[in-house]
Amino acid sequence: MKQGLIVFLNGTSSSGKTSISMELKNQKEIPFHHLSIDDFFHNYFDFINNKFPDTEPTKEVDNIGQIIFDPIVSVYYATIKLFSEMGLNVIVDTVIDNDKRFNDYLDVLFDHPTLFVGVLCSKEELTRREQIRGDREIGLANSQFNTVYCFNEYDIEVNTEELNPAECAEKILSFIKSDQDYLAFKKLSKREISVS
């Protein structure tokens, strides 16, 4: 059986990834499954809050990222791989905001068909969207900007200031239907991780 296609939407928070994902998921021509890292974190925290509603920590935890975030991200990547292995097309909706997560993603999914999509948006527009949304820390997208947009090549780029989500999704679908090769992700290599 053929592996499912992974559509990796690379963009900062508030760049439009989820809106594009919903358009891709809702169209009927090519079936997609939307896997968002936000869902994995929300489901985990809902589980903890429902299972242990009265639990109060007895001390502050400094390395919560290593204890919780990194393992949840690993399960997220493994789920993307599982869906692809089952022949299901997947939309990846996440922010790869550090070199370790990027390297982990590359390790798990390098051998899978991946359409690498740059979801582009200016810093000014990202700030405006954060202010309108109200559910994101102002400046979050700008803090991710240089790390997220450090890639020199994508299979396709969509600018969410110029195109609405439906137009972005149509541009991505047109590329998929053109049967062009997905080469950009295969050209990526691991990043050097500094140890502090």
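Applying the criterion of being under 18 Å from K186 (Cα atoms) and of a type in the set (V, I, T) to the residues of the range 73-131, the residue that is most open to solvent (accessible area, probe 1.4 Å) is V108. In the range 8-65, which residue that is part of a loop (DSSP other than H, G, I, E, B) and aliphatic (A, V, I, L, M) is surrounded by the most Cβ atoms within 10 Å (Cβ to Cβ)? The selected residue is I30.
Filtering the range 147-170 to residues that are open to solvent by 40 Å² or more (accessible area, probe 1.4 Å), out of contact with any Leu (no Cβ under 7 Å at 6 or more places or on another chain) and not hydroxyl-bearing (S, T, Y) leaves C150, N152, E153, E161, E162, L163, N164, P165, A166, E167, E170.
The values are calculated or read from the model by the stated rules, or taken from the named source; none is laboratory data. No experiment lies behind these values; they were computed from the predicted model shown. Using ideal geometry, Cβ is built from the backbone for each residue, glycine included, and neighbour counts are taken over all protein chains shown. With ligands, DNA and RNA removed, areas are computed over all heavy atoms of the protein, side chains included. Shrake-Rupley method; radii C 1.70, N 1.55, O 1.52, S 1.80 Å.
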